[in-house]
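Below is one structure, written out as structure tokens; the observations come after it.
Since every read-out is calculated from the coordinates, none of them should be taken as a lab result. Computed from a predicted structure; not experimentally measured. Using ideal geometry, Cβ is built from the backbone for each residue, glycine included, and neighbour counts are taken over all protein chains shown.
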Ligand SMILES: CC(C)(COP(=O)(O)OP(=O)(O)OC[C@H]1O[C@@H](n2cnc3c(N)ncnc32)[C@H](O)[C@@H]1OP(=O)(O)O)[C@@H](O)C(=O)NCCC(=O)NCCS
């Protein structure tokens, strides 16, 4: 049996591990990184640390095997990371751009290190309508059993309950399985670029 429960501080290593093992367009990215925690520094750990009430895990007999992670107000979340999360990581991971390394020579580690130094920001228009965002990942053993549907449902309910008016999330262009999943759930696709799909869900509540 798989249960979905709220995040606990001792789940942090599982967030890092699951993020890495699903980090190559839904496939295992372990072989792509020499530092196994780099990807989780960006896409997983800060959500557990700074938005624990919007982090949920799926756990079975083998342990935690999936999560959904949310940020209620993406702009406030980024400001918090600027103050408390990125500075020590920037000191630890050099920015390949600052070192003058040509972009097409960056390793996977260096690309992630660059995004620690220069986090991607979303447009004001998007954040006005869809201020929250989320990440959803399940290890293979928990895929295809309805856990993805349950996890995202849990997070959408939690965001709604906290007064969010909308949530956005980005899917990599090579992750057709995830795109098919979100489309199957009827979640609106706002934009599709060459290497990404942007989804957004509006909640019919007052804006905060
Ligand atoms: C993508 C992912 C979250 C989907 O979760 P899942 O638990 O495997 O999917 P579920 O079993 O909950 O599927 C829910 C429904 O979507 C359908 N579905 C799933 N994938 C689908 C696809 N690619 N195309 C069409 N329908 C799909 C299922 O058939 C199921 O239908 P039903 O409930 O109407 O019977 C999960 O496979 C995963 O974590 N993959 C690896 C990491 C990843 O890619 N994360 C997303 C990054 S943006």
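Miscellaneous remarks
- Per-residue ellipticity at 222 nm, computed for the chain from helices alone with -39500 (n - 2.57) per DSSP H run of at least four residues, works out to -11000 deg cm²/dmol.
- Judged by the ratio a/c of the largest to the smallest principal axis of the C-alpha gyration tensor, the range 72-145 counts as oblate, that ratio being 1.5 or greater while a/b is no larger than b/c.
- Relative contact order [Cα under 8 Å, 6+ residues apart], the range 34-84, whole percent: 28 percent
- Two-site FRET efficiency, residue 91 against residue 8, from Cβ-Cβ distance with R₀ of 35 Å, rounded to 0.05: 0.80
- Residue ranges 126-139, 3-16 sort as 126-139, 3-16 when ordered by packing (mean number of other C-beta atoms within 10 Å per residue, highest first).
- For the chain, relative contact order (Cα pairs under 8 Å, six or more residues apart, normalised by length) works out to 21 percent.
- Ordering of 62-75, 84-97 by packing [mean C-beta count within 10 Å, highest first]: 62-75, 84-97
- Inverse of mean 1/r across different Cα pairs in the range 112-179, Kirkwood, Å: 14.1 Å
- Gyration tensor verdict on the range 1-68 (Cα atoms; rounded if a/c is under 1.5, prolate if a/b is larger than b/c, oblate otherwise): oblate
- For peptides 193-199, 19-25, 169-175, sequence by mean Cβ density within 10 Å, most packed first: 19-25, 169-175, 193-199
- Percent breakdown of C-alpha pair distances by 10 Å bin, ordered from the shortest bin, for the range 20-170: 10, 36, 36, 16, 2
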